[in-house]
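Below is one structure; the comments refer to it alone.
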Amino acid sequence: MRVRIKGDVLCTLLLVIVLCTLLYSLMRSTNNQDTAYYKKSKESKSLVKTGNVKSYLEKPKSMGKTKLLSDDYKSSNEEPKAPTTQPPFDFQLYLRSKDYRNFSLMINQPNKCKRSTTDPFLLIAVKSIVEEFDRRESVRKTWGREGMISGVRVQRVFLLGTPKNKTAVSMWESLMHQESHYYKDILLWDFIDTFFNLTLKEIHFLRWAEEFCANAQFIFKGDADVFVNVENLINYLQNQNASEDLFVGDIINQARPIRSKKSKYYIPETMYGLGLYPPYAGGGGFLMSGITMKKLSQACQEVELFPIDDVFLGMCLQRINLKPVMHVGFKTFGITKPSAAPHMETFNPCFYRDLMVVHSLKPAEIWLMWNLLHGQQLPCSQKQRIKKPFHWKKAKQRVKAVTN
């Protein structure tokens, strides 16, 4: 009897101990949760007070020490995010190095203007960068074709510098030599091809043209993203005297330096203190005679370099006392839609056939427009041609472009 009582007591004590242990562990975990909740609640309240609710809500939830393998994979294969804003242009560095203007020619075309018995009537020079092979091909196959065009000889060159990030363009130097060997139209200098180095491209091309293509009667210089109606250029130039000065384009007068640091064209007063720029041509494309090219080549060696190439060339024109001529056929800012017809489709060959230069087209658009203009007969009436400014009929009538 005594033995049974002792056994029951021992079992009861063991059960009590186990129950107490379980209750203690449960109470401890509950207290931890309450403490974490209190901290989290306190953090959220402080964030509400400081106005950082959004950052709190967007804060990733912690998963403790557990880490998924997929997280390691994503972090190792994720591309670094590009900076949202471009770093400001280093004007001090530019000012320190701008007096150096003699860069070597890595790829030359010394016989470009000597291959034929007849001198080139028109030399086409196109600004390009190494990466834009598709744009160069579009120009070669369309408006930039070499040979006899409208009864005169046309030659072509592309103007390039070295890429800013050489590692991003695999085997770029070998590719450029192969492209030059095949097309014989690449001019490559060893300065870095950036926006503010386009002035270097300007003076080096003028120097090259004076040395290797002095027999060209006229020069067209433009961008790779323009459409050029070469037949219209030639028709215009055949009425001009190559032995006289000529500089024609979309001329910008009374332009003021931009002082906003956010602008791509920002120029501090320490670099240019005057209130107005001299008249200059929009860089999308312009024409000049051979005699003007030679004068500009000499003048640009004497004018202090300026980071905006269009304005810099205007300074060189000012030095030789030559006033550039405005021509309505140069649309270096694109074809502007008339306010009376905001839904009008301007990408129309009936508009393009009377123009000379239209800026900001994609390679496919250049190819398409050239083929439309040189294909079958265009269904354009005389009223749709735009030799003169637009005149619009009254409202609620069908809107058409008319000429007097």
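Of note:
- Extension gain for the segment residue 210 to residue 236, taken as residue separation times 0.36 nm less the Cα-Cα distance, is 7.0 nm to one decimal.
- With the biggest extent put first, the Cα atoms of segment 91-330 measure 50, 46, 28 Å across the principal axes.
- Couplings 3J(HN,Hα) of segment 249-266, computed from phi: x, 8, 7, 10, 10, 6, 7, 9, x, 8, 9, 7, 5, 6, 7, 5, 9, 4 Hz, in residue order, whole Hz [Karplus 6.51 cos²θ - 1.76 cosθ + 1.60, θ = phi - 60°; x for Gly and Pro].
- Computed from phi, the 3J(HN,Hα) profile of segment 306-319 under the Karplus parametrisation 6.51, -1.76, 1.60 (θ = phi - 60°) reads 10, x, 9, 5, 4, 5, 4, 5, x, 5, 5, 4, 5, 5 Hz, with x in place of Gly and Pro.
- Extended-chain gain in nm, criterion 0.36 nm per residue less alpha-carbon gap, residue 347 and residue 301: 12.5 nm
- Spacing of the two label points (7 Å from each Cα toward its C-beta) at residue 328 and residue 364, in nm: 3.3
- FRET efficiency estimate (nearest 0.05) - Cβ-Cβ, residue 191 to residue 167, R0 22 angstrom: 0.75
- Taken one residue at a time, the phi angles of segment 283-293 give Karplus couplings (6.51, -1.76, 1.60, θ = phi - 60°) of x, x, x, 8, 10, 8, 7, x, 5, 5, 4 Hz. Gly and Pro are set to x.
- Residues with amide H under 5 Å from that of residue 156, placed H, sequence gap 5 or more: 124
Bear in mind that the values in this text are calculations on the coordinates, not laboratory data. Computed from a prediction, not measured in an experiment: that's the story for all the values here. No Cβ is skipped: glycine too gets one built from the backbone with ideal geometry, and neighbour counts run over all protein chains shown.
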